[in-house]
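Let me give you the structure first, and then I'll get to my questions.
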């Protein structure tokens, strides 16, 4: 792990690990609500029952958090996981009614919580690009 990646990887990794661990035992209405919102953006997820979806989401967040925190996981690998997860959240933001102002990408008050997750996509892509280019400069 590059020293310059340390603040990014530790802060996001710890956040993801905590989020995943807190969802491990999610059931009932909480799992149904999370699943319902995800299905609204990605209808293919309706094939999973809510409890299974919550478990898979929990495991995904734990895996991404661990990949970011463990120093021997390459930036490209950790970044790909983070970028994929971030892209899913951006899709959730774009496809969920009421999250954006009409005809715009600007978030409504309700949508700010999801819109801000675009930073996860950006951070993931930064790690991927850094890993692929080994710090080469543009131009």
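Residue by residue, here is whether (1) modelled with pLDDT of 95 or more; (2) within 13 Å of the chain's Cα centre (by Cα); (3) under 18 Å from residue 127 (Cα atoms) holds:
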site	(1), (2), (3)
2	no, no, yes
12	yes, yes, yes
19	yes, yes, no
54	yes, no, no
81	yes, yes, yes
86	yes, yes, yes
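Kindly indicate whether residue 68 is part of a helix (DSSP H, G or I) and crowded, with 16+ Cβ neighbours inside 10 Å. Before the answer, list the steps.
Numbers: part of a helix (DSSP H, G or I): yes; crowded, with 16+ Cβ neighbours inside 10 Å: yes.
The answer is yes for residue 68.
Going residue by residue through segment 11-20, is there one that turns out to be assigned to a helix (DSSP H, G or I), touching a residue at least 40 places away in the same chain (Cβ under 8 Å) and loosely packed, with under 14 Cβ neighbours inside 10 Å? Reasoning before the result, please.
Our first condition is that a residue be assigned to a helix (DSSP H, G or I); within segment 11-20, this holds for 11-20.
Then keep just the ones that are touching a residue at least 40 places away in the same chain (Cβ under 8 Å); that gives 12-20.
Filter once more, so that each one left must be loosely packed, with under 14 Cβ neighbours inside 10 Å: 14, 18.
Yes.
Could you tell me whether residue 54 is in contact (Cβ under 8 Å) with a residue 40 or more places away in the chain, part of a helix (DSSP H, G or I) and touching a helix residue (DSSP H, G or I) at 6+ places or on another chain (Cβ under 8 Å)?
Details: in contact (Cβ under 8 Å) with a residue 40 or more places away in the chain: no; part of a helix (DSSP H, G or I): yes; touching a helix residue (DSSP H, G or I) at 6+ places or on another chain (Cβ under 8 Å): yes.
When the stated conditions are applied, residue 54 does not pass them.
Could we say that residue 60 is under 25 Å from residue 1 (Cβ atoms) and out of contact with any strand residue (DSSP E or B) (no Cβ under 9 Å at 6 or more places or on another chain) here?
On the way: under 25 Å from residue 1 (Cβ atoms): yes; out of contact with any strand residue (DSSP E or B) (no Cβ under 9 Å at 6 or more places or on another chain): yes.
Against the criterion (under 25 Å from residue 1 (Cβ atoms) and out of contact with any strand residue (DSSP E or B) (no Cβ under 9 Å at 6 or more places or on another chain)), residue 60 qualifies.
Would you point out which residue out of 40, 98, 36 is over 18 Å from residue 6 (Cα atoms) and part of a loop (DSSP other than H, G, I, E, B)? Before you say what the answer is, go through the steps one by one.
Values: 40 fails: part of a loop (DSSP other than H, G, I, E, B); 36 fails: part of a loop (DSSP other than H, G, I, E, B).
From the options 40, 98, 36, the qualifying one is 98.
Six or more apart or on different chains, Cβ under 6 Å: which pairs go from a residue in segment 81-106 that's exposed (fewer than 14 other Cβ atoms within 10 Å of the Cβ) to one that's modelled with pLDDT of 90 or more and in a loop (DSSP other than H, G, I, E, B)? Could you list them?
98/110; 101/108
The values are calculated or read from the model by the stated rules, or taken from the named source; none is laboratory data. Just so it is clear, the model here is predicted, and its values are computed rather than measured. Cβ atoms come from the backbone with ideal geometry, glycine included; neighbour counts cover every protein chain shown.
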